[in-house]
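Before any comments, here is the structure.
The values are calculated or read from the model by the stated rules, or taken from the named source; none is laboratory data. Worth saying up front: this structure is predicted, and the values here are computed from it rather than measured. Cβ atoms come from the backbone with ideal geometry, glycine included; neighbour counts cover every protein chain shown.
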Amino acid sequence: MKKNFIRMISVLCIAAVALSVTLTSAFAATIYFYFGYYYTYINNDLVSLYGIDNDEFDVAFIPDTLNNRKLVDIRNNALKDNTAIRMIDFGGASNLERIGSFAFSGCTNVTGSITIPSNVIDIGTGAFQGSSSIDTVVFNAISGSVPNQCFMNCTALSNVTLNNSVTEIGDYAFANCPNLSYLEIPACVTTISSMAFQNDTITLAVYYNTDGHLFAENNGFNYVILDPENIPTEPPTEAPTDAPTEASTDAPTDAPTEAPTELNGYYLGDVDGNGAVDTVDAAWVQRYLALFNLADWVTIDHADIDGDNNVSILDVTLIKRYDAQFEIDYPVGEWVTIQ
């Protein structure tokens, strides 16, 4: 009620002053209006975003400054339940350090992707909770934590990329996200809440013997190992009895002089060369897009599903849809002959 009352006063005042309005609210907080943005002072150099005027725009573009002062903070509940905005754009938020609790919660008409910038060091509880039309999140924040309820009830969310600053995934962080079928857990993650993926059917891509790996095993999640070369193998306890005593010196007379022509190709989407196209291949492509090192046997060109000579997140999505047995318009899994 308090927030709505303040905004009601703001609308009345804006008509009188076109450029900037100063409003005094309870508890001595002062709210300013500047070209479609409501904000408050932190100090003389820094400001906090309080809200936006939906009559000005339907894109929540987060700028680097407001009225020549650095925008470093988005207040708790700033755009909560704002169904007028259709996009959240952090592209210009070069000074942003904090996204408050429930700041974008319930923004149900925000569609597409959001990229949280690397300068963000703190994200509050439920920051994007219930923003049910967001489908892609690139989490570049250096906050170290995907906080409690951060993306809870984001029912369209299907693609998430976590950076190597994430060490913790909190309570219900991705709970009730039915379309999130796959997530790569960075090796640096050391704490995952047992409720982080509540009510999700998800495959976790993990690194061998990390906390993510142990979490998946201990909590019964499907998982794939991203670094199978690190899985130890036990040597045989005794040599086979029929092993040859010495190497043959003669090559077989009927050895083929060249590889059969049917081997000159690959299965579309099979980047690890094991003859199958599955979530492991999608994981390798995601590592490639995130600029991680790839194993020697990975051939990333085999993931160009849409044939545009560019491996992208769209190709990852097509591989995942194929693995989930969705019908797609590309021949994933079919043999491609190299001429």
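If R287 satisfies every condition in (1) in a helix (DSSP H, G or I); (2) surrounded by 14 or more Cβ atoms within 10 Å (Cβ to Cβ); (3) modelled with pLDDT of 80 or more; (4) not polar (S, T, N, Q) but one, which is the exception?
(3) is the only condition that R287 fails.
For region 96-120, enumerate the residues that are more than 17 Å from the chain's Cα centre (by Cα) and either without any contact (Cβ under 8 Å) to a residue 12 or more places away in the chain or not in a strand (DSSP E or B) (or both).
If the condition is that a residue be more than 17 Å from the chain's Cα centre (by Cα) and either without any contact (Cβ under 8 Å) to a residue 12 or more places away in the chain or not in a strand (DSSP E or B) (or both), then L96, E97, G100, S101, F102, A103, S105, G106, C107, T108, N109 are the ones that fit.
So which of V298, V285, V277 is within 21 Å of N140 (Cβ to Cβ) and not basic (K, R)?
Details: V298 fails: within 21 Å of N140 (Cβ to Cβ); V277 fails: within 21 Å of N140 (Cβ to Cβ).
Result of the check over V298, V285, V277: V285.
Identify the residue in region 255-284 that is under 30 Å from D308 (Cα atoms) and among the polar types (S, T, N, Q) and, among all such residues, is modelled with the highest pLDDT.
Going residue by residue through region 255-284, those that are under 30 Å from D308 (Cα atoms) are 259-284.
Applying the additional criterion that residues be among the polar types (S, T, N, Q) yields 261, 264, 274, 279.
Working: T261: 45, N264: 83, N274: 87, T279: 75.
Only one residue tops the list, namely N274.
Given the criteria surrounded by 15 or more Cβ atoms within 10 Å (Cβ to Cβ), more than 23 Å from D135 (Cα to Cα) and within 21 Å of the chain's Cα centre (by Cα), does I319 qualify? Please lay out each step first, then the result.
Working: surrounded by 15 or more Cβ atoms within 10 Å (Cβ to Cβ): yes; more than 23 Å from D135 (Cα to Cα): no; within 21 Å of the chain's Cα centre (by Cα): yes.
So I319 fails the test.
State which residue pairs qualify: first residue closer than 20 Å to F102 by Cα and inside region 38-62, second residue small (G, A, S) and part of a strand (DSSP E or B) in any location, beta carbons under 7 Å apart, and separation of 6 or more residues or different chains.
These pairs meet every condition: Y38/G51; Y39/S48; T40/S48; I42/S48; I52/A60.
Are there any pairs, at least 6 apart or on different chains, whose C-beta atoms fall under 8 Å, with the first in region 67-79 and touching a residue at least 24 places away in the same chain (Cβ under 8 Å) and the second outside any strand (DSSP E or B) and of a type in the set (F, W, Y), and if so, which?
Partner pairs satisfying both residue conditions: N76/F102; N77/F102; A78/F104; L79/F104.
Here is a list: P252, P178, P236. Which entry is at pLDDT 95 or above, surrounded by fewer than 17 Cβ atoms within 10 Å (Cβ to Cβ) and either hydrophobic (A, V, I, L, M, F, W, C) or out of contact with any Gly (no Cβ under 6 Å at 6 or more places or on another chain) (or both)?
On the way: P252 fails: at pLDDT 95 or above; P236 fails: at pLDDT 95 or above.
Unique residue meeting the criteria: P178.
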